[in-house]
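Okay, so here's the structure we're looking at.
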Amino acid sequence: MSFFSRKPTVLTDASAVDELLGRGVAEVIVKEKLKEKLLSGERLRIKLGIDPTSPDLHIGRAVPLLKLRDFQKLGHQAVLIIGDFTAIIGDTSDKDSERPMLDAAVIEKNKKTYFEQAGKILDLSQTELRYNSEWLEPLTYREIGEHADQFSVADFIARDVIKRRLDAGKRVSLREMIYPLMQGYDSIAVKADVELGSMDQKFNLLAGRTLQEKFGQRPQDILMTPLIEGTDGRKMSSSWGNTITLTAAPGDMYGKVMSMADEQVPAYFELCTRVPVGEVAQILKEHPKEAKMRLAKEIVSLYHGKEAAEKAASGFMKPDQAPEAVLARGAKLRDIAEPVGVSMSELRRLVEGGAIEEVGGEKISSIDAELKNSTLKIGKHRFLKILIK
């Protein structure tokens, strides 16, 4: 074997393994067995699947991605699956009603930049990137029947989310019963040693263990992460619009973190950053506003870099401390998007919501409004001093 074909060294530091299995983890199946494997030096295949149900990944979905990166840093093989076929069926694990089938064209559009977005966290050069249409689309009715034979209807309807819907008289389609089989078969296709997922996916994750045993594979261990609340305090979900997307402009990302309740800060530090646990404890002893500002900086830095985070933070100062934007005569409001660190669509949304005004003056009603020397208040916290030259 040549030098360049050698497998990465697997790190077996006990403290690193303990943090891997402890930080931001809700449950591990089977924890002692997984810990033993991690300490043995065996290079494990760590699987995470994400369905392209919307165009942008959000930081709720980044929680298991960060955990996948933690495994990757210890030398294990990260396997990221984009569920372009499972997305057609739809996972209702976290839904109170039936998820509609997605059109293939919508899925194709949504998935275009998923790997690129995941690359903000993962080292893609060391990641196995797959689409599950590769193995799920060719399956025959006979094969699906053999997979389904490993489970009973009682297993499916005993799930809390399904039982609640049935008790409420809501429809549960037979299609929904197929999804756990599909996710489980993904584990067979990539020979997963460990699968990552959120707590609401427990049934689907366990399905992988059941099917692997049928196919003669060693049952995967499972590591589940908690769900995080969105900006409105409900579970973060694209369908509710309470997300912080990985593609958000730095200023927009910073502002959304700052808009959260103080009570959300500890969980976000643990799940959405990799600031050392001891350092987080120290930060949280300080004034809540300062802790939240540090959190916002850490999150923006993770996805956009430290310079962008500093620039985004500067826009949250008091009016007399506002950063300056030197613009040419005739400049329009649209020209502040880059200095503020927001996208044009977010700037337009702020204008339409009456959230941009001159300090001591009137609200600005158009992104094509001509600017003059003034200080603008943008949303609840951001300020920008305009200097026309």
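The values are calculated or read from the model by the stated rules, or taken from the named source; none is laboratory data. From a predicted model like this one, the values you see are computed outputs, not experimental measurements. Ideal geometry is used to build each Cβ from the backbone, glycine not excepted, and the neighbour counts take in all protein chains shown.
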Those helices (runs of 4 or more DSSP H) completely within the range 241-299 that have 2 or more residues that are of a type in the set (Gly, Ala, Ser) and under 26 Å from ALA26 (Cβ atoms) are 277-283
Cβ pairs under 8 Å, 6+ apart or interchain, first in the range 67-80 and closer than 10 Å to LEU48 by Cα and assigned by TED's automatic domain parsing to the domain that holds GLN220, second among the aromatic types (Phe, Trp, Tyr) and in a helix (DSSP H, G or I), ordered by first then second residue, are ALA78/PHE71; LEU80/PHE115
Checked the range 244-272 for anything at pLDDT below 90 and under 12 Å from the mean Cα position of the chain (by Cα); matches are none
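For the range 126-144, which residues satisfy the criterion of being over 22 Å from ILE59 (Cα atoms) and of a type in the set (Ser, Thr, Tyr)?
So in the range 126-144, the residues over 22 Å from ILE59 (Cα atoms) come out as 132-144.
Result: SER133, THR140, TYR141.
Identify, please: which residue in the range 127-146 is assigned to a loop (DSSP other than H, G, I, E, B) and in contact (Cβ under 8 Å) with a residue 12 or more places away in the chain and is, among those, nearest to VAL10 (Cα to Cα)?
Taking the range 127-146 and keeping what is assigned to a loop (DSSP other than H, G, I, E, B), we get 132, 137-140.
In the following step, the residues that additionally are in contact (Cβ under 8 Å) with a residue 12 or more places away in the chain were identified as 132, 137, 139.
Values: ASN132: 27, GLU137: 34, LEU139: 35 Å.
Of everything passing the filter in the range 127-146, ASN132 is nearest to VAL10 (Cα to Cα).
Sort out for me the helices (runs of 4 or more DSSP H) sitting completely within the range 46-126 that have 1 or more residues that are among the acidic types (Asp, Glu). Please lay out each step first, then the result.
Details: elements: 59-73, 86-89, 104-111, 114-118.
Ranges flagged: 59-73, 104-111, 114-118.
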Within the range 196-207, of all residues that are hydrophobic (A, V, I, L, M, F, W, C) and assigned to a helix (DSSP H, G or I), the one surrounded by the fewest Cβ atoms within 10 Å (Cβ to Cβ) is MET199
Would you check if there is a residue in the range 318-336 being in contact with a Phe, Trp or Tyr (Cβ under 7 Å, 6 or more places away or on another chain) and surrounded by 12 or more Cβ atoms within 10 Å (Cβ to Cβ)? yes
For the range 147-167, pairs from a residue that is assigned to a loop (DSSP other than H, G, I, E, B) to a residue that is among the hydrophobic types (A, V, I, L, M, F, W, C), with Cβ under 8 Å and 6 or more apart or across chains, are GLN150/LEU211; PHE151/LEU181; PHE151/ALA207; ARG159/PHE203
_Can you find a residue that is part of a helix (DSSP H, G or I), at pLDDT below 95, small (Gly, Ala, Ser) and closer than 24 Å to MET101 by Cβ anywhere in the range 208-222?_
no
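When the range 112-159 is examined, which residues are found to be under 28 Å from LEU74 (Cα atoms) and among the charged types (D, E, K, R)? Please lay out each step first, then the result.
Of the residues in the range 112-159, the ones under 28 Å from LEU74 (Cα atoms) are 113-132.
Those that are under 28 Å from LEU74 (Cα atoms) and among the charged types (D, E, K, R): GLU116, LYS120, ASP123, GLU128, ARG130.
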- request: Say whether the condition of being crowded, with 19+ Cβ neighbours inside 10 Å, closer than 25 Å to ASP70 by Cβ, of a type in the set (Lys, Arg) and not assigned by TED's automatic domain parsing to the domain that holds GLY119 is met by at least one residue in the range 227-245.
  value: no
Every listed condition ((1) free of Cβ contacts under 8 Å to residues at least 24 places away in the same chain; (2) outside any helix (DSSP H, G or I)) holds for VAL351 save (2)
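From ILE228, ILE283, ILE299, which residue is in contact with a helix residue (DSSP H, G or I) (Cβ under 6 Å, 6 or more places away or on another chain), at pLDDT 95 or above and more than 23 Å from VAL351 (Cβ to Cβ)?
On the way: ILE228 fails: at pLDDT 95 or above; ILE283 fails: at pLDDT 95 or above.
After ruling out the rest, the residue left standing is ILE299.
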Scanning the range 29-42 residue by residue, the ones that are in contact with a Ser or Thr (Cβ under 9 Å, 6 or more places away or on another chain) and not small (Gly, Ala, Ser) total 2
